[in-house]
Amino acid sequence: MKLSQSFTKTTKTAPADEVSQSAKYLLRAGYIYKEMAGVYDYLPLGMRTLEKIIQIIREEMNAIGGEELRMTSLQPKDVWEASNRWDDKVMDVWFKTKLNAGGELGLAPTHEEPLTHVMKSYISSYKDLPIYVYQFQTKFRNELRAKSGIMRTREFMMKDLYSFSKNREEHNEFYEKCADSYIKIFNRLGIGDSTFRTFASGGSFSKFSDEFQTICDAGEDIIYLDRERGIAVNEEVYTDDVLNDLGLDKSKLEQHKAAEVGNIFTLGYKYSDALDLCYNDEDGKRQKVFMGSYGIGPSRVMGVIAEKLSDDKGLVWPEEIAPYKYYVVGIGEQGEAEAAKLHDMAPEDIILDDRKSARTGEKFADADLMGIPYRVVISDKTLAENKVEIKNRQTGETKLLTLTEFASKIS
């Protein structure tokens, strides 16, 4: 990426109505563009980071047997009426629209019903189970208050996985496997040390559901954390009875604000009952399919990471999800020429700040604002020693490498 050829630009200010630090930095650094409250475009830098987050999640979902598909956003009324969730009084976040030819459609806020309906064509025998399918798909929710930038929006990317099992025992085995997978995901995303499995209300499905909460001042939830055991309890179920059930000592719990970055639910028979999803068991008896759902919002996670890991200069991306690894600045005629050569060796790893209109100090400030892991300076002075200067965005450490050493790194 050559900044001289990019249409995006950094800015010194963000929209006045943005209050979260992550939103301000993502807007100023040119990762996102605000269309309206709760609706954002992902610009080239933001798209690269979002796609890297998605790829990490995809790899871990595939590792536990998930099959990826893509469902439609447009939803027919009848499938949702079967579960009574078409009613706005039951689910109040619908966006709905009229067809010119007559009839009404909705923009999917989630996909339990439509996927259960699809599975009626593919599940008939116990031999067809279990099935684990997931998607990355844009969801639409008519939130009353969209806030905190991309951490709570009306249009967002969601990874939703659904499990179809023969019984609760088979479901529970996968449920725990998925919980372990989520921990791996958040470790890879750089927030594993501050993200905890959190017991929350299971609603009508089970005693508990599991949230994955990241300690964060901009979060909307309150959790009570047993740091030694690495588990927490959401404030909504924080009672003496629950603490006793979980074997938690109230005196050892820390209270924190936190942001939910994932959740897993036991659905049981709710949707298989509503849509009559059944299979024939080994004895030929008709049985209901036991279901679960497992969500992570990649766009929301991106916002939480930006909020959690930023500093007073800007974003600080972990290497694995940064849009580029190196921000290269050439100073002087020879430095600029060598910087261009290095960029051409590894254009997928390097942002080349070749803007003629920007001063060196502006370029350094933009490197910090964008949160690129390493700033590389190549000047006539460093070239006199056949070296480049590399600064680590996270630690601030600066060191010199020879041109050959750096070329070897990027190749």
Checklist entry - Only one of Tyr40, Tyr33 is at pLDDT 90 or above and either touching a Lys or Arg at 6+ places or on another chain (Cβ under 9 Å) or in the same structural domain as Asp368 (by TED's automatic domain parsing) (or both); which? => result Tyr40
Checklist entry - Quick one: in the stretch 116-147, which of the residues that are polar (S, T, N, Q) and assigned to a strand (DSSP E or B) is farthest from Asp17 (Cα to Cα)? => result Ser125
Next on the checklist: So, restricting to strands (runs of 3 or more DSSP E) that lie completely within the stretch 313-411, which ones have at least 2 residues that are outside the structural domain of Met47 (by TED's automatic domain parsing) and more than 32 Å from the chain's Cα centre (by Cα)?
Outcome noted: 326-331, 374-379, 387-392, 398-402
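To keep it simple, each residue is scored yes or no on (1) closer than 24 Å to His171 by Cβ; (2) touching a strand residue (DSSP E or B) at 6+ places or on another chain (Cβ under 8 Å); (3) outside the structural domain of Lys159 (by TED's automatic domain parsing).
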{"site": "Gly65", "(1), (2), (3)": "yes, yes, no"}
{"site": "Ser73", "(1), (2), (3)": "no, yes, no"}
{"site": "Ala82", "(1), (2), (3)": "yes, no, no"}
{"site": "Asp87", "(1), (2), (3)": "no, no, no"}
{"site": "Gly106", "(1), (2), (3)": "no, yes, no"}
Checklist entry - Does any residue of the stretch 38-57 turn out to be touching a Leu at 6+ places or on another chain (Cβ under 9 Å), more than 22 Å from Gly314 (Cβ to Cβ), touching a residue at least 24 places away in the same chain (Cβ under 8 Å) and not basic (Lys, Arg)? => result yes
Item to check | strands (runs of 3 or more DSSP E) (entirely within the stretch 149-247) containing at least 2 residues that are modelled with pLDDT of 95 or more and within 30 Å of Arg286 (Cβ to Cβ) | outcome: 155-165
Checklist entry - What pairs can you find where one residue is in the stretch 197-212 and among the hydrophobic types (A, V, I, L, M, F, W, C), the other is assigned to a loop (DSSP other than H, G, I, E, B) and modelled with pLDDT of 80 or more, and their Cβ atoms are less than 6 Å apart, with a gap of 6+ or different chains? => result Phe208/Gly202
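The values are calculated or read from the model by the stated rules, or taken from the named source; none is laboratory data. Keep in mind the model is a prediction, meaning the values are calculated, not measured. Here Cβ is always computed from backbone atoms with ideal geometry, including for glycine, and neighbour counts include all displayed protein chains.
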